[in-house]
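One structure below.
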Amino acid sequence: MTRINSVTDLSHDGNVAVVTLNSPPVNALSAPVTEGLFDAFNQAIASDAEAIVLICEGRTFIAGADIGGFGKAQTPRATLQDVQAVMETSPKPVVAAIHGTALGGGLETALTAHYRVAAPSAKVGLPEVHLGLLPGAGGTQRLPRLTGPEKALEMVTSGRHVGAREALEYGIIDEIVEGSLREGAVAFARRLVAERRPLNKVRDRDDKVAPYKGSAELFAKFRAANARKFRGFKAPEHNIRAIEAAVNLPFDEGIAEERRLFEELLASPESAAQRYSFFIERAARKIPGIGPEVEALPIGKVGVVGAGTMGGGIAMNFLNAGIPVTIVETTEANLARGLGVIRKNYDNTAARGGLTPGQVDERYGRLTGSLNAEDLADCDLIIEAVFEDMQVKKQIFARLDRIARPGAILATNTSFLDVNEIAGATGRPDSVIGLHFFSPANVMKLLEIVRGRQTSNEVLATAVKLAQTIGKIGVVVGVCDGFVGNRMLDLRQLQAAAVAIDGADFWDVDRLLYDFGFPMGPYAMMDLVGLDVLKDRPGQQTLRSVLAARGRLGQKGIGGFYDYDEKRNPTPSPATLQAIEEARVRLGVTPRPVSDEEILERTLFIVINEGAKVLQEGIAIRSSDIDLIWQSGYGWPAYRGGPMYYADEAVGLPRLLERLKVYQAQVGDQFKPAALLEQLVAEGRKFSDFEVRA
């Protein structure tokens, strides 16, 4: 064996040279990797070997580029393109042996090999679209030459990971290797030599793309079918254009167009925001004062109090992760209804092909229903999921304190109540935490992990780890009314009503926020959720509560803010206009023209200002945590980064401060700038420069 550099080795197995890459944790395409591969392939070509195999150590093949280096000046001695060129032009057949994942630049590397084999569990994909990019090393030009443009379009615009058997069917790989991947790849390479198989350069193939040359129909249909999904994002369209280039241009011209499109995306604010979004989920797991020495507690069984919509959805998360759940209700009817909904959800997933009947039975089989809270005595974690009434929750926690075993974690799913007060109903406040799941709990990714005043480090570490186990995006927050997400959302909802009372058309509020990138505006959202489900805070009287009192409950009833036809198409309701006019009379407001700019600024800037207060109070650890909450729980578009990122990069804190002062004078002290915002502007800093320390 020859040591090429710190991450690359070259060895020989008979007449086959084996280039082995070992750059933990995921063999990313860093400078040492590309330099080592370049040197190793050149030495293998110069040797007496008759074929070359590229294989990786560790848990995966090359899992992609070194994303942290995107947009930074780098001068490696050999680039990825240099490695690809030496592989593709090798006079000896090159076989890429794939295990784990070959993603992005990893798959692009493999596509320049003459052949590809894979372990049965391997996956391949080009996920650059999630970073606001396209594959920039030939992926958009080589992939359609193997799969045809239709499958290539789907893969590059979705970023989907394709399993080995599907990749074999698509033509991306040539063989699946059972057993030892290294032995199988070497044997495959020997067969190539023995059979004198040609050097199969993907770049030279055109049989899958030639039938579509000059035809725009495929691309027009694809754009039309995905217009809603791609709305607001720049990268999907650029990926489509790159595939069009693969179909219509010679390979080298297509590569040049791919590079042009890649550079355009790389310089775009959309991609910068999406790359930021990629990293903030990792950052959220870093909790000041909680290092690796703090061990998470084992969670082998979970209890849920309440089998309603939230309780059932929460239970499904653990059942899906292989953790048994006991769910407790007060009446047989409520329990039967809750268990039935869970079963129906699983059956519906199976009907769509998401689960097999056996998997449904397996997951549902982990669930036990009970009318006796004593059956929770052996649970490691018990989650309360009843309606938002402090006295009821305190009674439940006092009882759980008597029932639960010593060391068990007691969690509340409250969306805004004081976790410290709830914990005070127990003799173990250090074991109490808030786990604020979002509805529907079995679908929504966000989990606000609410750290109480006395919550222990071990309990907090357990919650952070558990969020990953059940596939949630866990963000640690502190205790305050509404925590982070709902506290900020409440102000947006109030401003959405306020601008309408001031004179804006309420449907324009929805239009502008939808065009900004939200899945829907605040009025449409309330109609979808149900005007009776949402509740006013004490002392409030909102347009929502007025309409709900008049029997307008939203889409599930006769209508809400909008009236709906049989296809659920909305039209502004006269009932809403009447309620707005009544509010104007009650408040003594004379309507005036309200510009689109004012609507957007008032509904967004008040959210950002509240985020500054959340940071200032230590309720959130860092501004990126707030952005993550709003992206994963409230529909803030990834290509705008999140409210705090948007303020830092798109608005600028000095302008934000200036506009808040204008609205404070015009509308009232709800727009009074946060002290932290004033401080950061005075110091020339951004929200991203501020982090709460332990």
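The values are calculated or read from the model by the stated rules, or taken from the named source; none is laboratory data. From a predicted model like this one, the values you see are computed outputs, not experimental measurements. So basically every Cβ, Gly included, is an ideal-geometry build from the backbone, and we count neighbours across all protein chains shown.
Six or more apart or on different chains, Cβ under 8 Å: which pairs go from a residue in segment 631-644 that's over 15 Å from residue 272 (Cβ atoms) to one that's of a type in the set (Asp, Glu) and in a helix (DSSP H, G or I)? Could you list them? Pairs found: 636/627; 643/627. Residue 124 passes every criterion in (1) part of a strand (DSSP E or B); (2) more than 23 Å from the chain's Cα centre (by Cα) apart from (2). Taken together, the residues in segment 562-602 that are of a type in the set (Val, Ile, Thr) and either farther than 30 Å from residue 665 by Cα or in a loop (DSSP other than H, G, I, E, B) (or both) amount to 4.
Restricting the search to segment 514-525, which residues are surrounded by fewer than 18 Cβ atoms within 10 Å (Cβ to Cβ) and touching a residue at least 24 places away in the same chain (Cβ under 8 Å)? Of everything in segment 514-525, those that are surrounded by fewer than 18 Cβ atoms within 10 Å (Cβ to Cβ) and touching a residue at least 24 places away in the same chain (Cβ under 8 Å) turn out to be 516, 517, 519, 520. Any residue that is in the same structural domain as residue 262 (by TED's automatic domain parsing), surrounded by fewer than 24 Cβ atoms within 10 Å (Cβ to Cβ) and in contact with a helix residue (DSSP H, G or I) (Cβ under 6 Å, 6 or more places away or on another chain) - is there at least one of those in segment 115-127? Scanning segment 115-127, I find at least one residue that is in the same structural domain as residue 262 (by TED's automatic domain parsing), surrounded by fewer than 24 Cβ atoms within 10 Å (Cβ to Cβ) and in contact with a helix residue (DSSP H, G or I) (Cβ under 6 Å, 6 or more places away or on another chain), so the answer is yes.
Restricting segment 551-575 to residues that are of a type in the set (Lys, Arg) and either surrounded by 15 or more Cβ atoms within 10 Å (Cβ to Cβ) or under 20 Å from residue 534 (Cα atoms) (or both) leaves a set whose member that is farthest from the chain's Cα centre (by Cα) is 552.
Residue-by-condition table, conditions (1) assigned to a helix (DSSP H, G or I); (2) free of Cβ contacts under 8 Å to residues at least 24 places away in the same chain; (3) at negative phi:
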{"residue": "184", "(1), (2), (3)": "yes, no, yes"}
{"residue": "189", "(1), (2), (3)": "yes, no, yes"}
{"residue": "193", "(1), (2), (3)": "yes, no, yes"}
{"residue": "196", "(1), (2), (3)": "no, yes, no"}
{"residue": "200", "(1), (2), (3)": "no, no, yes"}
{"residue": "208", "(1), (2), (3)": "no, no, yes"}
{"residue": "211", "(1), (2), (3)": "yes, yes, yes"}
{"residue": "223", "(1), (2), (3)": "yes, yes, yes"}
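In segment 277-311, of all residues being among the small types (Gly, Ala, Ser), in contact with a Lys or Arg (Cβ under 9 Å, 6 or more places away or on another chain) and within 17 Å of residue 412 (Cβ to Cβ), the one that is surrounded by the most Cβ atoms within 10 Å (Cβ to Cβ) corresponds to 307.
Take residue 502 and decide whether it is closer than 30 Å to residue 660 by Cα, touching a Lys or Arg at 6+ places or on another chain (Cβ under 9 Å) and at pLDDT below 95. For residue 502, the condition - closer than 30 Å to residue 660 by Cα, touching a Lys or Arg at 6+ places or on another chain (Cβ under 9 Å) and at pLDDT below 95 - is not met.
Residue 607 passes every criterion in (1) modelled with pLDDT of 95 or more; (2) more than 22 Å from residue 476 (Cα to Cα); (3) assigned to a helix (DSSP H, G or I) apart from (2).
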